[in-house]
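Data block below; observations after.
Quick note: the coordinates plus some simple rules give every number you see, no bench work behind them. Remember, predicted model here, so these are calculated numbers, not experimental data. So basically every Cβ, Gly included, is an ideal-geometry build from the backbone, and we count neighbours across all protein chains shown.
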Amino acid sequence: MTRNIKKLIQRLGDNDPVIRRRVAEELSEGDERAIYPLIKSLSDENAGVQDAAMRSLISIGQSNEYFGEIVGYMVLPLLRENSYLRNTALIILTSLDGVVVPLLYPLLKDKDDDVRKFVIDLMGDIKKGVEPSMIMPLLNDHNANVRAAAAKSLGLLGYRDAIPELIKAIKDEEWVCFSVLDALGDLKAVEAVKDIGSLLNSSSEAVCFAAIETLGKIGSEKAVDALISYLPKASQDEGNAIIKSLIQIGITPEMTDLSEHLIKMLKDGDWEEKEIAMKGIVSLNCKEAVPVIVDIAGSLDPSVPENEERIRLLKDTISSIDSEDELLNLLDSPDIKYRGKSFAIEILGNIRSKKAISKLVDYLDDVRRDLRRASAEALGEIGEPNSTEHLIEVSIKDVDAHVRRSAIEAIGNIRAKDAFKSLMDLLEVERYYDVIEKIVEALIKIDADVFLSNVLGYRDNVREIIAKTVSDVDILLVLADDPNKKVKMAAIYGLGRIGTDKAVSRLIWFLGDSDPDIRKAAVVGLGEARYCSHELFDALHDDDPWVRFYTIKAIAFSCDKEEAINMISTMLSDEFIPVVMSAIDTIKEIGGREAYEVLAQHKEHSNPDVRDKIKEALSSL
C-alpha cells in the first residue's frame with residue numbers, strides 16, 4: 001500500500017465511477033496522504049464513491065490516534081458546508097470517538113450558531129473524554145437551538161452538577177424547555193421535581209405533557225401528589241401519561257382513587273395503554289377491573305397470532321389480583337360473551353378455585369361445546385375427586401369427541417381410583433384415536449401396574465398407544481415383539497425415547513431385521529437415544545435407501561461434528577438422490593469449515609439438481 005498509494009490517489013480522478021469507488025475502498029488501508037483526497041471524494045458526483053470515501057476516512061481515523069486527529073482536524077471545516085457534507089462530517093467525527101474532542105472545544109465559541117450546536121451535539125454523542133463543564137456556559141447562549149443542544153448533551157453526559165442551572169432553564173422558551181426536561185429526566189433530578197411540577201399549570205399542553213413524562217422518568221415519590229392533583233383536570237392523553245408516570249414511580253394500594261382512571265384507560269386506550277393500565281390494576285389489586293379484562297379477552301380471536309400474547313397478558317393480570325369472587329359472578333352474567341366465560345373458567349381452573357366446582361359442573365351440560373370443554377379442563381386442574389362422577393358421565397355421554405377427550409384428561413389429572421373401571425369400559429367402545437390416547441394416559445396415571453399387567457390383551461390400536469406412552473423398558477420390550485407391525489414400530493421408537501442400555505441393546509439387534517421398516521425404526525431410535533456407534537455407521541450401507549436416509553439424520557443427532565461430517569460425507573456419492581440431498585442438508589446444518597470443504601469437493605457432481613443443492617449450501621456456509 002505504501003508504494004501504491006500515489007497511484008491509487010491519482011486513480012480517484014478516473015472517469016469510471018466503479019473504479020473511483022474501488023480505489024476509495026482500497027485507500028481504507030492508507031496513511032495520512034490519503035486523507036485529503038478522500039475528503040475531496042466526499043463531494044464526488046457518485047453516491048457510491050461518496051460512501052466509500054466516508055468509510056475509508058473512518059477506517060484510517062480509527063487505525064491509530066495520530067491519524068484520528070488528522071482526519072478529525074481536516075473534516076471539521078465540513079461542518080460549515082451543505083447538509084450532506086455536514087451530516088457526513090458528523091458521522092465521521094462521532095466514529096472517531098474521544099480523539100477529536102480537544103479539537104471541538106474552540107468551536108464552542110464559534111460565531112456560527114449552527115457550528116456551536118453541531119459541536120455540542122457531537123459531544124453528547126461521543127461522551128468519551130468530554131468535559132461537560134465546558135458546555136455549561138452555553139445554557140445561556142443567545143441562540144435557542146444552542147441552549148437546547150447544551151441542555152440535551154448535559155443530560156446525555158450525566159453531568160449532575162448542571163442540575164441547578166437546568167432548573168433555572170425550565171423557564172426558557174418552549175423549545176428549550178423540552179430539552180431541559182429531557183436532561184432532568186436523564187439525570188433523575190429529584191431536586192427538580194417541585195419546579196417541574198409547576199409546569200403542570202402551563203398554558204402549553206405540550207410543555208405540560210412533557211413535564212408529566214419527565215416526572216415519571218425521574219421516578220420520585222415526591223412527584224405523586226402533583227400528578228394525582230392534576231389528574232381530575234387532565235385531558236385523556238394527559239391522564240394516560242399521568243397513569244404511566246405513576247406506574248413508573250410505583251403505585252401503592254392506598255391510591256384507590258386511580259381505579260376509575262385505570263379502568264377507563266383499559267377500556268378506551270390502545271393496546272400499549274391497556275398494558276400500562278394492567279400494571280396499575282395489579283398494583284392496586286383492582287377487582288373492579290375483572291369484568292373489563294374478561295370482556296376484552298372475550299373479544300379477542302385466539303386464532304390470530306398477535307392475540308396469543310395479549311390473552312396471556314390478560315390472564316397474568318387477572319391471576320395476579322384477588323379475582324375469584326368476581327369471576328364466579330361473571331359465570332352467571334348473561335352479558336358476557338362465551339369466549340369471555342371460557343376465559344373466566346380457565347382462570348378459575350388455574351387458581352384451583354374450589355368455590356367454582358358446582359358452577360363448572362353445571363356448565364358441563366351447557367349447549368356450547370367450548371364451555372363444556374373449558375369446564376372439564378378446569379375441573380381437572382382443580383383436582384377435587386368429588387367432580388369425578390360428573391366427568392365420567394361426560395366422558396361417556398357427550399356427543400362431542402373433543403369434550404370427551406378433555407373430561408378424560410381431567411379424570412387422569414385427578415387420578416381418581418373410582419374412575420378406573422369406567423375408563424376400562426370406555427376403552428372397549430371408544431373409536432376416536434385421540435380420545436383413546438387420553439384414556440390410556442389416564443389409566444396409566446391412575447394405576448399403571450394394573451392397567452399394564454395384561455398389556456397383550458388389548459386391541460391393536462390400544463397397544464400402539466401404550467407403546468407411544470409408557471417409559472417402562474420391560475413393557476416396551478414385550479411390545480417390540482408384537483405381531484402387529486405398527487405396535488412393534490411404536491415400541492422401537494419408544495426404546496429410543498428412553499435410551500437405556502437395555503433399550504439400546506435391543507435397538508441394535510433390530511438393525512438386523514429382514515423388514516426395512518423395522519430397521520429404519522431402529523435407526524431412528526438410536527438417533528433419539530444419541531447412540532453413536534459402528535452399528536449406526538454400518539447402517540449407512542443398508543440395502544434399503546430409506547434406511548440410509550434416516551441413518552444420516554441419526555448420526556447427525558448422535559455423533560460429534562467432526563465424526564458426523566466424516567461419516568455422512570461418504571453418502572454424497574450414493575446412487576439414491578434423496579440420500580445425497582439429505583446428506584447435503586445435514587452437513588450444511590452441522591456447519592463449520594469442515595462442512596464447507598467436504599461439500600466443495602462435490603460441487604461438480606454429475607447430477608444437476610445435486611450441483612444446485614451443493615451450490616446453495618456453500619453460499620450459506
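The figures follow:
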quantity: Volume in Å³ per residue [convex hull over Cα atoms, computed for the chain]; calculated: 241
quantity: Across K341/K421; K152/K194; K274/K341; K194/K274, pairs whose alpha-carbon gap is larger than 24 Å; calculated: K341/K421; K194/K274
quantity: Net charge over other residues, Cβ less than 11 angstrom from the Cβ of E238 (K, R count +1; D, E count -1); calculated: -1
quantity: Three principal axis lengths of region 231-296 [C-alpha, angstrom, descending]; calculated: 28, 25, 18
quantity: Convex hull per residue volume in Å³, alpha carbons only, for region 125-166; calculated: 62
quantity: Taking the C-alpha atoms of region 489-546, convex hull volume expressed per residue in Å³; calculated: 67
quantity: Rg and Dmax [Cα atoms of region 22-72; Å; Rg one decimal, Dmax integer]; calculated: 9.8, 31
quantity: The chain, relative contact order [Cα under 8 Å, separation at least 6], %; calculated: 4
quantity: Over region 519-567 - Rg/Rh using Cα atoms and the Kirkwood inverse-distance radius; calculated: 0.92
quantity: Residue-by-residue Karplus 3J(HN,Hα) for region 116-131, coefficients 6.51, -1.76, 1.60, Hz, glycine and proline x; calculated: 4, 5, 4, 5, 5, 4, 4, 4, x, 7, 6, 6, 4, x, 7, 9
quantity: Per-residue Cβ neighbour rank within 10 angstrom, fewest leading, K355, K287; calculated: K355, K287
quantity: Order of K520, K168 - criterion: other Cβ atoms within 10 Å of each residue's Cβ, fewest first; calculated: K168, K520
quantity: Note, ³J(HN,Hα) from phi for region 228-245, Karplus 6.51, -1.76, 1.60, rounded to Hz, x at Gly and Pro; calculated: 5, 5, 7, 4, x, 9, 7, 5, 4, 5, 5, x, 5, 5, 5, 4, 4, 5
quantity: The chain - Cys residues lacking any other Cys C-beta under 4.7 Å; calculated: C177, C208, C286
quantity: Approximate shape of region 302-351 as ellipsoid semi-axes (Cα gyration tensor, √5λ), whole Å, largest first; calculated: 19, 14, 8
quantity: Label-to-label distance, nm, for residues given as D362 and D237 (7 Å Cα→Cβ offset); calculated: 4.8
quantity: For region 263-277, Karplus couplings with θ = phi - 60° (6.51, -1.76, 1.60), whole Hz, Gly/Pro x; calculated: 5, 5, 5, 5, 6, 9, x, 6, 5, 4, 5, 4, 4, 4, 4
quantity: FRET efficiency for W271 and A600, using Cβ-Cβ distance with R0 set to 51 Å, rounded to 0.05; calculated: 0.50
quantity: Mean projected area (nm²) of the alpha-carbon convex hull when region 1-118 is viewed from all directions; calculated: 6.8
quantity: Highest to lowest packing among 67-74, 359-366, scored as the average C-beta count within 10 Å; calculated: 67-74, 359-366
quantity: Potential lengthening between E173 and D161 on full extension [0.36 nm per residue; Cα-Cα distance subtracted]; calculated: 2.1 nm
quantity: Cα-projected label distance for H541 with R611, points at 7 Å along beta-carbon direction, nm; calculated: 3.1
quantity: Helix 369-382 vs. the chain, principal-axis angle (Cα, 0 to 90°, nearest 10); calculated: 90
quantity: Relative intensity, log₁₀ I(q)/I(0), of region 426-487 from a Debye sum that treats every alpha carbon as a point, q = 0.17, 0.24 Å⁻¹; calculated: -0.51, -1.05
quantity: Simple label model, 7 Å out from Cα along Cβ direction - E384 to N82, nm; calculated: 8.0
quantity: Theoretical gain in end-to-end length, D560 to R593 [0.36 nm per residue, Cα-Cα removed]; calculated: 10.4 nm
quantity: Directionally averaged shadow of region 302-419, computed from the convex hull of its alpha-carbon atoms, nm²; calculated: 7.3
quantity: Over the chain: helical MRE at 222 nm, DSSP H runs n ≥ 4 each giving -39500 (n - 2.57), nearest 500; calculated: -20500 deg cm²/dmol
